[in-house]
1. Being crowded, with 24+ Cβ neighbours inside 10 Å and touching a helix residue (DSSP H, G or I) at 6+ places or on another chain (Cβ under 6 Å) is the filter; apply it to the range 300-318 and report the residue that is farthest from LEU239 (Cα to Cα).
2. Could you tell me whether ALA353 is crowded, with 17+ Cβ neighbours inside 10 Å, closer than 22 Å to GLY267 by Cβ and under 19 Å from the mean Cα position of the chain (by Cα)?
3. Scan the range 436-453 for residues that are modelled with pLDDT under 75 and either surrounded by 15 or more Cβ atoms within 10 Å (Cβ to Cβ) or closer than 22 Å to LEU486 by Cβ (or both) and jot them down.
4. How many of the residues making up the range 200-259 are crowded, with 19+ Cβ neighbours inside 10 Å and among the small types (Gly, Ala, Ser)?
5. What tally of residues in the range 210-227 results from selecting those that are part of a loop (DSSP other than H, G, I, E, B) and within 24 Å of LEU509 (Cβ to Cβ)?
6. Restricting attention to helices (runs of 4 or more DSSP H) lying wholly within the range 1-96, give those where 3 or more residues are at pLDDT 75 or above and over 55 Å from the mean Cα position of the chain (by Cα).
7. Those residues that are more than 21 Å from CYS297 (Cα to Cα) and in a loop (DSSP other than H, G, I, E, B), I need them from the range 348-387; list them, please.
8. Of (1) aliphatic (A, V, I, L, M); (2) in contact with a His (Cβ under 9 Å, 6 or more places away or on another chain); (3) in a strand (DSSP E or B), LEU395 satisfies all except one. Which?
Amino acid sequence: MHVDPKDWNSPGTKAIIDRTVGGITSGAGNIVLLHDGGGNRSQTIAALPQIIDTLKSQGYSFVTVSDLAGLSRDEFMPPIEQDEQLLVKAGGIGFYALKLLQETVIILFFAGIIFGSIRLIFISILAIIQRPYFQEVPCKGFIPWYNPEVSVIIPAFNEENVIAKSVTALLRSTYRNFDIIVVDDGSRDGTYKVLENNFYHNAKVGIFTQANGGKASALNLGISKTDAEIIVALDADTLFLPDTLEKLVRNFADKKVAAVAGNAKVGNRCNLLTRTQALEYITSQNLDRRAFDVMNCIPVVPGSVGAWRRAAVLEVGGFSSATLAEDSDLTLTLIKKGYRVIYESEALAYTEAPDTVAPFLRQRFRWMYGTFQVIWKHRGAYLKKKYGALGLFGLPNMLIFQILFPLFSLIMDIALIFSFVWIGWRYSNQQVDISMTNDVKNILFYYFLFLIIDFIASVVPFLLERKEKWSLLLLVPLQRFFYRQLLYVAAIRAVLTALKGRLVGWGKLVRKATAVAD
């Protein structure tokens, strides 16, 4: 007789006892197999003493299989030979390690789901709070009397395809008290010639050149060529709208503000990859900046649209070449100094995103590697109360959710795929048990719960940025099941490169001048 609780109407210890005893006393058979699916055997173990006592009281006796066969224990179960003991121990260790790995993966899976969901909810709430909260701040409105001198600094290295377009867009600005400083950082193409041909006689545009020294070096040269109160560091492929400058500058009426992060958007939404990046900019990067604005722990003022108080930048030594993320490094340094860094959602800028996979992976590898460098450089501020929300939340968030979480997410995806493959194999071999089925059901439930929370969190920034195209939300599933896997590749490469201690140069993306300012 085969006794399996999953086939009973009332599974449990009492059912096991009644079915087993009833089967024996009714003469249904004298061999009983108690089988509980290979999972949690607690009900079977709890039932055994009562089954044995009940049957003994009815005159039944219990013997081992070896007694029935008339064999001694050693004959029935021969001792392990000396030369096989090591193999047996190795097998035991292997099974234990496999079990430990399985439990670790499950723990990481549920930890990732829980903490990822909590973060999404927390960030969304803060982002919703940010909009009405900062509408009450006086410097958020236009201030006629505040009209500081502004210098827009554009570091350019091999940017002949885009530099003229970017400078021309700036010259259409409604803000008047500004000039443009372009630093040709040792370009090997026609960047300098394009600048000369188009802007040599324009009084608002200053053109400088230097031997290739990197982006930070070019920015610092630009800073040294101006006495302006406010500087705007601008990537050469970025297009400003006419009112972007004035919306960045108006925030510096508050003397505590040292930097302002604008609203960066993808301007070349020409294929699935660039549109998915556009979705990421809206639902991740800009949503995070809204939330971190409330706590004053914005991790980076982006190179595509960011303004800085020149005096504050010079106070901390300017842009540093120590990391690939010089803008993030400077942002964190200013916050640690006690300055305020804020987010201006109405200051729009359109940048050219990589439109094929290879340059996209190169870009994200550099971003993540630079983030890793910044995290290490500012490790002394971790969990330090004196640095406020930056030490208690901002920096730990960068480490956990920009470096570690992509690695955990990869484990989550692998666990899900493995569960499907494993359950399919067991079904094909008719080896499915209750506990395994329940485990897979739990994994699927929490995974899809996370996807629902992720989608809701993606809706929030579209409510806050009402001019955006809601059709991008249709790409959320693609972002989850294709785009983020590319980010995993970049994250793994960055971590492995950092662990090896290899130096990484900034490199160069080929620009195609496909960005459009809508």
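1. VAL300
2. Values: crowded, with 17+ Cβ neighbours inside 10 Å: yes; closer than 22 Å to GLY267 by Cβ: yes; under 19 Å from the mean Cα position of the chain (by Cα): yes.
It is true that ALA353 is crowded, with 17+ Cβ neighbours inside 10 Å, closer than 22 Å to GLY267 by Cβ and under 19 Å from the mean Cα position of the chain (by Cα).
3. Kept after step one, since they are modelled with pLDDT under 75, are these residues of the range 436-453: 436-443.
Hits for the range 436-453 are MET436, THR437, ASP439, VAL440, ILE443.
4. 9
5. Our first condition is that a residue be part of a loop (DSSP other than H, G, I, E, B); within the range 210-227, this holds for 211-214, 225-227.
Filter again for within 24 Å of LEU509 (Cβ to Cβ), leaving 211-214.
Of the residues in the range 210-227, 4 are part of a loop (DSSP other than H, G, I, E, B) and within 24 Å of LEU509 (Cβ to Cβ).
6. Counting at least 3 such residues, we get 42-57, 65-69.
7. GLU352, ALA353, PRO354, ASP355, THR356
8. Single failed check for LEU395: (3).
The values are calculated or read from the model by the stated rules, or taken from the named source; none is laboratory data. Bear in mind the structure is a predicted one, so any value in this text is a computation, not a measurement. When we count neighbours, we look across all protein chains shown, and the Cβ atoms used for this are built from the backbone with ideal geometry, even at glycine.
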